[in-house]
1. Return B:K222, B:K127 ranked ascending by Cβ neighbour count within 10 Å, so the fewest neighbours appear first.
2. Would you please give the FRET efficiency between B:V212 and A:N45, computed as 1/(1 + (r/R0)^6) with r the Cβ-Cβ distance and R0 = 30 Å, to the nearest 0.05?
3. Would you mind computing, in nm to one decimal, how far apart the modelled labels at B:R176 and B:E21 are, each placed 7 Å from Cα along Cα→Cβ?
4. Under 19 Å between alpha carbons, and skipping anything fewer than 8 positions from B:K67 in its own chain: which aspartates and glutamates qualify?
5. What translational diffusion coefficient, in µm²/s and rounded to a whole number, does the Stokes-Einstein relation yield for segment A:60-295 at 4 °C and a viscosity of 1.567 mPa s, taking the hydrodynamic radius as the Kirkwood radius over Cα pairs?
6. Compute the separation of the alpha-carbon centres of segment B:242-276 and segment A:114-150 and state it in Å as a whole number.
7. Once fully extended, how much extra length lies between A:A164 and A:F22, figured as 0.36 nm per residue of separation less the alpha-carbon to alpha-carbon distance?
8. Given H placed on each backbone N at 1.01 Å, which residues far from B:Y126 in sequence or on other chains put an amide H within less than 5 Å of it?
Amino acid sequence: MRRSLRKLAMGLFFVGPWVIGFLGFTLYPMVMSAYYSLTNYNLVNPPKYIGWNNYIRLLQMDPQFKTAIGNTMYMVLFGLPIWLFVALVMAVLLNEKGKLTTFFRTLFYLPSVVPTVAASVLWMWVLNPQYGIVNTLLKSLGFSGPGWFTDPKWSKPGLILMGAWATGGTMIIFLAGLQNVPEALYESAELDGAGWWRKLVHITLPILTPTIFFNLIMGMISTFQYFTQAFVISRGAGSNVPPGGPLGSTLFYAIYLYQNAFSYLRMGYAAAMAWLLFIVILVSTLLLFRSSGKWVHYDT
Amino acid sequence: MKRTVLAFLLVLLVSALAYAEPVTIEYWTGWGGEELEDIQKYVIDEFMKENPDIIVQTSTIFGSYDKLLTAIAAGTPPDVVSAVWETQIPGLAERGALMNLDEFAAKSELYDPDDFYPANYRQSLYKGSLYGIPATTNTSFIVYNKDLFREVGLDPENPPRTLDELVHAADLLTKRDENGKIVRLGYDAAGSGLWVWGHVFGGKFFDEENDVFTINSPENIKALTWMVDYVNRYGGMQVVQEFISGLGNYWSPQNPLFAGQVAMAGFGEWIVQFNERYGPIDYGIMAFPAPEGGVQNFTTVGGSMFCIPTGAKHPEAAWRFIEYITGPKGVEQMARTLTNMPPRRSVAEKLVHDLPVINFGLHALESPKAASGGPLTPIDQFFLDTLGQYVDQALYGQLSPEEALNQAQQMVQFEYEMAAF
């Protein structure tokens, strides 16, 4: 009896820091933000309870909110698949064994090491319509390049292009997954006369589905919260320019949330936005999990 | 024996009171870099020399102004803050983040409301009470490059006075390469914003008497229409934005005015410092040209306000610092250090010979039409952002100027009523 008590005490002692951290820095803020979302709260004065008004206003009366959702869905539906595809292709290519494999792996992973803010500033100039390297290349090929971050139609494609450059993290996870494919399967497929493509489609990809699934979920969660790159690029050098331009084309959900919280001091409104986002992410994740039974294979 | 000890302790106590430790006050400033070094040296250190019982600990929050509010909410604000724009006073005061300075001011010998320009004084108040005092202010005008004027055959001593002359000059000064791409823009009128042009056209954005926004007033619609037409002369907003995105950092020798990429640019008194650092160029100053029936010599009036946040630990010492730095001596020193417009008349008149750039402000600031950098309402930031978005929609041709301003009006007025101050 006493021994088990001591064991319990020891256990509590060791998980203690985590439990305290969870209660203080995760659970408490979450509960409070749920409460704030039902209030009018400006950070300084005590919050004032206003019921569901924040949610009603968001869903019924806020054109900016709709813009933000549209932009964010654009990234989730177009940006994320492109990023996953690029990472997957890179991983498959870098899985081939050659003399320079490690060199190229490092090379393609390198952009992920660059801090996001620095990378964003860099890409502002890479995609600069006047002096940028991309438009200069396009010009030498005889095309006139788009205005990228100055053109409401091209700002999101510009961000997607930039994101594709920095998918090294996803690529590494794909690579790890690829290493798990048993050689024996390839060998027997080769005996049956399968070429590179058939091996890829019938062996590699099915075995890789859990990894794809993992990257999809993680990617979706972070894309719903897309913030830094657009925040840096749309404000450019001017600290007085509100983020989200040109013409609201890069006003993503998290950016609008930030604006509400810290520019307009509508903390309650921002908390309501955060909870709506949480619900959307939760539901999307659950839907993906339910669909996973049909396309994710866990048996090797 | 006991008595001696007691007496000794008493002596200790009394001497401790007499030689009280100096009070350390924390001061958060929005200035940074070289400017702050100069302010520290010429103003703050001076204050500490004259007031040995106060130590000012300066830290800059340049670029992260959100910090102030979080610090106030957390109950750990500084004693003095000057990283507050004039337009933020109502919002902060309304939310109870700033201390009411009325009582301090009433007792002060240095604070004199009549010496401040009316526009500056208006900005100090919210609902009739004093919440912040400016130590510097700035006006706005157009700076033009005289060499470029000569190059295209314009008279550099006779800058545009009407809108037609402005457009004419801008056309002459705009240069394109062989592909028709803009390589030099005469003047980026849209960049000065509807807040400026609306006022120049005689419009108002907020009606204080009726406590209602007037964003879609006929004058403002006319101003926005003019801006849209102007931008379209150069191929539309898209083309102009592409040109602007290639311009260098504002705070560098690549500043478009100094790099010769624009010939005229909206500016403030900091042109003097910029010219020392990034120039020199031969420049002139002109007021925003106004249409008939508009406001001649219009200027916006900005300024960093010195405030005491709610919950400051040493309000008395904080006030003495504010009183000094916004007093005649501090204001003069600040104006000299930053080459800024002093918000006090007596100082401006005294300095105009040393700093010719304040000549413009000397007259413009007396005008009752001089306007703050935004509406003096608690939703200034929401207003400015929302207005910017709808003005953009008009400039990009997605909405007519009238439609854009109608929608902006509806959004802002709604927020104003919802926030219910």
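1. B:K127, B:K222
2. After rounding to 0.05, the efficiency reads 0.80.
3. Calculated label separation equals 7.1 nm.
4. Once the sequence-local aspartates and glutamates are set aside, what remains near B:K67 is B:E26, B:D79, B:E86, B:E94, B:D380.
5. Values: Rh = 19.9 Å.
Roughly 65 µm²/s, to the nearest whole number.
6. One Cα centre to the other: 22 Å.
7. Working: separation 142, 0.36 × 142 = 51.12 nm, distance 3.41 nm.
Extending this stretch completely gives an extra 47.7 nm.
8. When sequence neighbours closer than 5 places are left aside, the close amide H contacts are B:Y131.
Here, each number is a calculation from the coordinates, and none is a lab measurement. Note that the coordinates shown come from a computational prediction; the quantities given were computed from them, not determined experimentally. Cβ coordinates were reconstructed from backbone atoms using ideal geometry, including for glycine residues, and neighbour counts include every protein chain displayed.
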